[in-house]
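Trainee: Please read through the structure below; I'll follow up with questions.
Computed from the coordinates by the stated procedures, all read-outs in this text should not be read as laboratory data. What you see is a predicted model, and the numbers here were worked out from it, not measured in a lab.
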Amino acid sequence: MSEQKTIIEVKNLKKEYDLGEVKVHALRGINLQIKEGEFVAIMGVSGSGKSTMLNILGCLDRPTSGEYIIDGVPMNNLNKNELAGLRNTKLGFVFQSYNLLSRTSALENVELPLYYNPKIKAKERREKAIAALVAVGLADRMHHMPNQLSGGQQQRVAIARSLVNDPVLILADEATGKLNEEGKTIVFVTHEPDIARFTSRQVIFRDGHVISNELVKDRLSAAKMLAELPTEEDY
C-alpha cells in the first residue's frame, strides 16, 4: 500500500506582530504535517495561535519566517496574485458566518471561486456549480437568495462552494465531518472537545507552541451520529 501523500508541510513557522512598542509572538516555531484524507482539529484557548495558524494555512496571511508547503507548492515566495490563485485552486473554506453574498443566488455564490480560474469557461463553471449544489441536496434551491434559505441550507451552499474547485484542502471553523467521510482533507479550528472527537487527529496550541499532536482514539462518526438521531416519526 502506497504511503499517504503529504498535503500540508509546515517547518519552523513563526509569526510576529508589532503592536506599538510591543512584539507579539503568535507562532513560535511550529512544525506540522497533514496527510491526504486526514481530519485535523486545531485546538487551544483564545490567544494560543490557532486562528493565526488557520489564516496562514489558508494563504490569508504570511508567516514572519519558516516554511509552508501546500500540495508540493512552497507559498513563501509567491506574490499576492499567485497566492490568490493558490487559494482558488487548492483550498476550500467553510466558515460559520458562511460569507455568502447577500444579493447573489446560491448558484452564483457557488460559482464564485471558479471566476478566478482562467482555464474554466462560463459553461463549465455553471455545470460545476450545479453539480456541487446537487451533491449537497440543494437542486431545488439554486436560484434562491441567501435570505430565502434556512441557516442549514446556507451552510450547504457554503459547503458546495468549498467543493466546487475540487480543493486538496478544506479549512473550516466548525465540524464538517461529512466531507471528510467522502475523502476530503480537512483542518478546522475549534475550542470544543466534544466536536473534536469526530476528527482523526487533534493538534493543541498554547502560547504559539504545539503542546500536543495526537491521533483520536474512539473517533466518533458524524454520518453514524446523524443517522441515529430521532426523526419526527419517533415522537
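Trainee: With a/c under 1.5 counting as rounded, go ahead and sort the chain into rounded, prolate or oblate using the C-alpha gyration tensor (a ≥ b ≥ c being the square roots of the eigenvalues; past the cut-off, prolate if a/b is larger than b/c, else oblate).
Mentor: Note, shape of the chain comes out oblate.
Trainee: Return the single residue from Tyr98, Tyr68, Tyr115 with maximal mean-square fluctuation; model: Gaussian network over the chain, springs between Cα atoms under 10 Å.
Mentor: Tyr115
Trainee: Further question on the same structure: Per DSSP helix of 4 or more residues, -39500 (n - 2.57); summed, then divided by the residues of the chain. What does that give at 222 nm, rounded to the nearest 500? Working shown, then result.
Mentor: Numbers: 8 runs with 67 residues, N = 235.
The helix contribution divided over the chain gives -8000 deg cm²/dmol.
Trainee: Here's something else I'd like to know. Any aspartates and glutamates with Cα under 15 Å of the Lys11 Cα? List them, leaving off those in the same chain fewer than 8 positions away.
Mentor: Once the sequence-local aspartates and glutamates are set aside, what remains near Lys11 is Glu67, Asp71.
Trainee: Sticking with this structure for a sec: For the chain, modelled as a Gaussian network with Cα springs under 10 Å, which listed residue fluctuates most, Lys15, Lys121, Lys90?
Mentor: Result for the chain, Cα springs under 10 Å: Lys121 fluctuates most.
Trainee: I would also like to ask the following. Which one, Ala139, Ala106, Ala172, has the greatest fluctuation when you compute a Gaussian network model over the chain with C-alpha springs under 10 angstrom?
Mentor: Largest GNM mean-square fluctuation: Ala139.
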